[in-house]
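Let me begin by presenting the structure, written as structure tokens, before commenting on it.
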Amino acid sequence: MAISDYDYNTLLEKAYEELPEKVKEHSRFEAPIISSIIQGKLTVIQNLGEVAKAINRTHDMLTKWLLRELGTSGVFESGHLVVKGHFRQHQIQEKFIAFLNQYVICPECGRPDTKIVKEDRVNFLKCEACGSRHPLGGIKASTRKVEKKFKPSVGEEIIVDITSTGKKGDGVAHSGDYIIYVRGGVRRGQKVKAKVTGAQGTRVFAQAMEILE
Ligand SMILES: [Zn+2]
């Protein structure tokens, strides 16, 4: 028995309506592209204000991060960030991606629909897409001390607290401004001894050796 075209279309429409919101809205997140030019002894990031808006973070926060990561000083002025020294676009973009990975992208579902919320003086990255929550390291000077203490080098053994599980099933831990991805089937809440296998910007990769707690 054939169904008429009318019925078929109605059924399709109905099926679409019944899809969960997440499936309908699903599209790959594309990071905004930093645009910059070198002018004399300075580098001008022309769209910093726009970029900050696009990722729903303050230009202040992004400025602080970039200046620290690039190891320079600068001024934010009417949407532009003017920094001392010469930096290539890809260098700045790379730092910006590190910022996204740490302060914007949800480590659980990979979506950028997140907010930073503060509870009991601890900042969390709260995801509006999947509802997960992850503690964040700050960008303030006080956390830089922690960062200095933890200089990951390949082969080094570290002890970390797993605070969440990443997209690919890796355990995720934080130390200062670093995110440590631990392989080897570790779970949230565990204290783990791990060996550093690699590092990329503020991301550190490690292999679990022993579960301590
Ligand atoms: Zn999420």
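What follows draws every value from the coordinates through simple rules; no lab data is involved. From a predicted model like this one, the values you see are computed outputs, not experimental measurements. Every residue, glycine as well, gets a Cβ built from its backbone with ideal geometry; the counts of neighbours run over all protein chains shown.
Here VAL196, VAL204 are placed in order of increasing Cβ neighbour count within 10 Å, fewest first, which gives VAL196, VAL204. Size descriptors for segment 34-73: radius of gyration and Dmax over Cα atoms are 10.5, 31 Å. Of GLU157, GLU94, the sequence from fewest to most neighbouring Cβ atoms within 10 angstrom is GLU157, GLU94.
What is the extension gain from LYS168 to ILE116, computed as 0.36 nm multiplied by their sequence separation minus the C-alpha to C-alpha distance, in nm to one decimal? Walk me through the intermediate numbers first.
On the way: separation 52, 0.36 × 52 = 18.72 nm, distance 2.30 nm.
Between LYS168 and ILE116, full extension yields 16.4 nm more.
Stretched out straight at 0.36 nm per residue, the stretch from GLN93 to ILE33 would grow longer than its current Cα-Cα span by 20.9 nm. In this rough spin-label picture, where each label sits 7 Å from Cα along the Cβ direction, the GLN46-VAL75 distance is 2.1 nm.
Semi-axes of the equivalent ellipsoid for segment 30-104, computed as √(5λ) from the eigenvalues of its C-alpha gyration tensor and ordered from largest down, come to 18, 12, 11 Å.
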